[in-house]
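One structure is given here, and the rest of the page talks about it.
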Amino acid sequence: MQKEEPPVGKKQKRRPRRENWTRPPLSAERRAAEEEARRLRAAIRRPPLPQKRLIAALFLMAAGGFVAFLVFLLPSQSLVNDLRSRGVSVVAEVAAAPKNKYGEAGNVAVRFDGPDGTVETVLHDWGGKRPEGMRAGAVVPVTYDPQEPTRVLTTRWVEDPPTVTLPMLVTVVLAPLLLGAAVLLVVRRRKLLEHRKCANPAT
């Protein structure tokens, strides 16, 4: 079957070659939309910037950890020093020895003869810890402050207090970790800001 020839005198239109094709100009709205899409894609790929709020919270938590460590240490050490210098040692009866919710010794109540009669009070903690192994009705040597008989510790802890307790250990470990995390976030934030400034000098 023969192909029909185009009529004489009429030139067949040729399609423009792909390499000669140029994209029609974009409208202002289209350009703005594409620019916004490019910005969004760049923001998704960009690593998140550490927030100032998070950094401030870490610094505050680290400061709180150091303060908590001092609160555990300094009053206990002061009590031991006072009892060593002017304390009176007696034998006390354990009136109550409850456990806290973690199964550790709670507020151990003791009863002993003080300068003005019978004193019933709670053994002071040392660094957030109270002596274990107490039971109601048992007797234990204690040392109290004659100026304030409610300030009392077991004689054993006055002579040889614990080196470190669990609450002290937790605070002294957590505080430097939180501080280090805050410093690392500050450094990372500065690097990211410098990188973005170099990538967008006009902004």
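The values are calculated or read from the model by the stated rules, or taken from the named source; none is laboratory data. None of the values given here were measured: they were computed from a predicted structure. All Cβ positions, glycine included, derive from the backbone under ideal geometry; neighbour counts span all protein chains shown. What goes into the accessible areas is simple: the full protein's heavy atoms, side chains included, and nothing from ligands, DNA or RNA. Shrake-Rupley method; radii C 1.70, N 1.55, O 1.52, S 1.80 Å.
Of the accessible area of the range 91-169, computed with a 1.4 Å probe over protein heavy atoms only, carbon and sulfur atoms account for 50 percent. Protection proxy ranking, highest mean first, for peptides 106-115, 130-139: 106-115, 130-139, where packing is the per-residue count of other beta-carbon atoms within 10 Å, averaged.
Since only N107, G133, L74 are under comparison, the one whose Cα sits farthest along the positive direction of the charge dipole of the range 66-203, derived from C-beta charges on Lys, Arg, Asp and Glu, is L74.
Packing around the peptides 58-67, 182-191, taken as the average count of other Cβ atoms within 10 Å per residue, puts them in this order, highest first: 58-67, 182-191.
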